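Derivation of every value follows stated rules applied to the coordinates shown; laboratory data play no part. Since this is a predicted model, take the numbers as computed values, not measurements. Cβ: placed from backbone, ideal geometry, glycine included. Neighbour counts: every protein chain shown.
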């Protein structure tokens, strides 16, 4: 039986699951699945980034509010000198998909969705180093 996981480990594992879901959904979208859109993919990418940032905060025993705002969470990292060496602007672009993207048709096509994937993929690696996972 596996031992108990710390909160930051749970967040990290759930973030990786969100990223895996985004990759699968994007592949299906590229194959022509008309039931998918970039909004659901970006929702999972936003959720991944949010959980990764919260994992670092949790690992460092920093309290964070129950919010989805990536900019606010990144600022909390800055306050505690926990630099993640990431493209903040790309991550902040994902903010709208935390809530609004679930329920609204945003009609936004990202020309840079591959850049978003690269940023979030790199963020996973960066967080893994920070939490020594």
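Annotations for the structure displayed:
- When the P(r) is computed for the chain, the part past 22 Å accounts for 34% of the Cα-Cα pairs.
- FRET efficiency for the pair residue 71 and residue 129, taken as 1/(1 + (r/R0)^6) with r the Cβ-Cβ distance and R0 = 22 Å, rounds to 0.45.
- For the chain, the longest principal axis of the C-alpha atoms and the axis of helix 113-131 are separated by about 20°.
- For 59, 54, the sequence from fewest to most other C-beta atoms within 10 Å is 59, 54.
- Taking other C-beta atoms within 10 Å as the exposure proxy, 79, 93, 50, 9 rank 79, 9, 93, 50 from fewest upward.
- Our estimate of slack between residue 24 and residue 81, defined as 0.36 nm per intervening residue step minus the Cα-Cα distance, is 17.1 nm.
- Computed from Cα positions, the angle between helix 7-30 and the longest principal axis of the chain comes to roughly 20 degrees.
- Efficiency of FRET from Cβ geometry, residue 60 and residue 111, R₀ 35 Å, rounded to 0.05: 0.50
- Cα long-axis angle, helix 38-59 against the chain (0 to 90 degrees, to the nearest 10): 0 degrees
- When 68, 63, 44 are arranged by Cβ crowding within 10 Å, least crowded first, meaning fewest neighbours, the order is 63, 68, 44.
- From its DSSP helices (H runs of at least four residues, each -39,500 (n - 2.57)), the chain gives a residue-normalised ellipticity at 222 nm of -20500 deg cm²/dmol.
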